[in-house]
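Written out below as structure tokens is the structure these notes cover.
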Amino acid sequence: MPTKSGTDGVAELAALPSLGLASARMLVEAGVPDASSLRRLGAIECFRRLRFHHGKRATLNFVYAIECACHGLDWRLLEEGRKAELRSAARAVADELQRQPKG
């Protein structure tokens, strides 16, 4: 029987607005096992985990999708002001992770 952090978590995440199966798998691999964790952590912390685990495969559009999934929104409904906030925070995460020593 699958656990919440396995197949069930992927299916639960993939069912959220703005996320698909590939995104859900990446989230689970990065340590976001289910929808309640996604909401609790929020878009920026989830993006940080994705960027750390998957590198540049975690794009700016991913942080928008996570934000929409957290709030049950279609991606087209994300307000420009919030997009700007997320864009700034995502750049800060990417810069921070790039500065960390490897190894």
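Just a few scattered comments:
- Qualifying trypsin sites (Lys or Arg not before Pro) in region 41-80, DSSP loop, other Cβ atoms within 10 Å at most 10: none
- Ranked for footprinting exposure by Cβ neighbours inside 10 Å, fewest first, SER36, SER23 give SER36, SER23.
- Whole-Å semi-axes of the chain's equivalent ellipsoid (Cα gyration tensor): 21, 18, 9
- ³J(HN,Hα) computed for each position of region 46-57 - Karplus, 6.51 cos²θ - 1.76 cosθ + 1.60, integer Hz, glycine/proline x: 4, 4, 4, 5, 5, 5, 5, 7, 10, x, 6, 5
- Compared with the direct C-alpha span, the chain from ARG57 to ALA15 gains 13.0 nm at full extension, assuming 0.36 nm per residue.
- Applying both filters, DSSP loop and at most 11 other Cβ atoms within 10 Å, to the GluC sites (Glu not before Pro) of region 5-86 gives GLU79.
None of the figures in this text is laboratory data; all of them are computed from the coordinates on show. Remember, it's a predicted structure, so these values are computed and weren't measured experimentally. Heads up, the Cβs are rebuilt from the backbone with ideal geometry, glycines too, and the neighbour counts pull from every protein chain shown.
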